[in-house]
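Heads up, the thing below is written out as structure tokens.
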Amino acid sequence: MIDLVTGAAGFLGSHLCDALLAQGHEVIGLDNFFTGSKANIRHLLGDGRFELIRHDIIHPILLEADRIYNFACPASPLHYQFNPVKTIKTSVLGTINMLGLAKRVKARILQASTSEVYGDPELHPQPESYWGRVNPIGPRSCYDEGKRVAESLLVNYQSQNGVDIRIVRIFNTYGPRMALDDGRVVSNFIVQALRHEPITIFGRGEQTRSFCYVSDLIEGTMRMMEQEGTSGPLNLGNPEEITVIELAEQVLRLTGSRSRIEFRELPVDDPVRRRPDISLAREKLGWEIKVPLADGLRETIAYFKKVLTA
Ligand code: NAD
Ligand code: UDP
């Protein structure tokens, strides 16, 4: 089995490469290194079954593969808003290129979609049948709408060209190899706590998120790729929801930090509540969360301690 992973040097992509190689697959990793880093995959470079190609998916590429995991796209608000037009191109042109490749070589393709397709939801928790509430002209739209178009591209390549597709909607996922400076809440709080700098809470911290540990997410993703008879979209995430302020308190407890809490302005269009309904993943994949938040945070804290002392 040859797997193509786009975004292979990123947080999720690098863990996916590890897991696919561990199953005995051959893996081709593509990345343009916008937010990813060689450090995330350096340990794979000596593996004869792993090949790394510097490539930007907004340009076509010809390769042989049986499976395509399309994970290339900046994922943190700070990164995807840095060059919003490029973010749209990655989700639209990049996904068209990967679908064209899937069609040509008859590969199955899985798209890393996102809970952001639900926008700032009125329905809670969010089932896959919910259409979402996205501001099409807001600062998050380059990411949210790009991912919505990508989903549409997949289902239309499926109906029009018979491409074998899978769509997973990933909710906030955290763990080792998140970028130190990507501005996401888990990495920000841990790094701030370890440096004894102020913990920056946006708004009053009453907004909620549901945090999934990376190993659970990767397992669900790989099961979905090999599952017959269902193409999704399918939610993957932790059904346990916590407020941002509760997360800050947990990080402070687990790090024993002297950091104090500082309140900052809430970013525009920041979703108020987010929690996946994972009934479909339970039914179709028999998938459950295995790693409790406290355990996952301990692993992530240990990782950032190493990075900060290196
Ligand atoms: P990340 O930023 O760590 O990884 C993204 C990778 O894609 C990076 O290595 C980056 O260099 C690469 N990339 C970006 N644009 C590219 C392009 N045009 N061509 C080639 N490579 C490109 O982010 P992540 O958290 O690992 O997210 C991976 C995927 O999962 C993204 O598609 C993201 O939208 C999706 N996702 C992640 C989360 C999460 O909580 N981590 C939630 C929902 C969806
Ligand atoms: N957040 C925060 N402080 C930070 C970074 C983020 O309070 O230093 C908040 C942010 O406003 C949002 C939540 O944490 O309500 C999750 O933010 P993140 O960027 O990690 O993910 P997303 O908003 O895409 O779910």
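The values are calculated or read from the model by the stated rules, or taken from the named source; none is laboratory data. Treat the numbers as computed from the prediction; the structure is a model and nothing was measured. Here Cβ is always computed from backbone atoms with ideal geometry, including for glycine, and neighbour counts include all displayed protein chains. Each accessible area value is taken on the protein alone, full model and side chains, heavy atoms only, with ligands, DNA and RNA left out. Shrake-Rupley method; radii C 1.70, N 1.55, O 1.52, S 1.80 Å.
Across region 203-226, a minimum of one residue is classified as near ligand 2 (Cβ under 10 Å from one of its atoms) and open to solvent by 30 Å² or more (accessible area, probe 1.4 Å). Within region 227-245, restricting attention to residues that are away from ligand 2 (no atom under 11 Å from the Cβ) and farther than 19 Å from Leu110 by Cα, the residue that is surrounded by the fewest Cβ atoms within 10 Å (Cβ to Cβ) is Glu240. Starting from residues that are over 29 Å from Lys284 (Cβ atoms) and touching a residue at least 60 places away in the same chain (Cβ under 8 Å), keep the ones in region 230-251 and report whichever is farthest from the chain's Cα centre (by Cα). Looking at residues that are over 29 Å from Lys284 (Cβ atoms) and touching a residue at least 60 places away in the same chain (Cβ under 8 Å), I get Val251.
Does any residue of region 16-38 turn out to be within 13 Å of the chain's Cα centre (by Cα), assigned to a helix (DSSP H, G or I), at pLDDT 95 or above and surrounded by fewer than 24 Cβ atoms within 10 Å (Cβ to Cβ)? Scanning region 16-38, I find no residue that is within 13 Å of the chain's Cα centre (by Cα), assigned to a helix (DSSP H, G or I), at pLDDT 95 or above and surrounded by fewer than 24 Cβ atoms within 10 Å (Cβ to Cβ), so the answer is no.
Could you count how many residues in region 263-285 are in contact (Cβ under 8 Å) with a residue 24 or more places away in the chain and loosely packed, with under 13 Cβ neighbours inside 10 Å? Before you say what the answer is, go through the steps one by one.
Filtering region 263-285 down to residues in contact (Cβ under 8 Å) with a residue 24 or more places away in the chain leaves 263-281, 284-285.
Still in the list and also loosely packed, with under 13 Cβ neighbours inside 10 Å: 264-265, 268.
Selection size over region 263-285: 3.
Just wondering, is there one or more residues in region 66-73 that are hydrophobic (A, V, I, L, M, F, W, C) and in a helix (DSSP H, G or I)? No: zero hits. Taken together, Leu247, Leu217, Leu252 contain a single residue that is farther than 23 Å from Phe202 by Cα and either polar (S, T, N, Q) or not in a loop (DSSP other than H, G, I, E, B) (or both), which is Leu217. Restricting Ile165, Ile190, Ile137, Ile199 to those that are among the β-branched types (Val, Ile, Thr) and open to solvent by 30 Å² or more (accessible area, probe 1.4 Å) reduces the list to Ile137.
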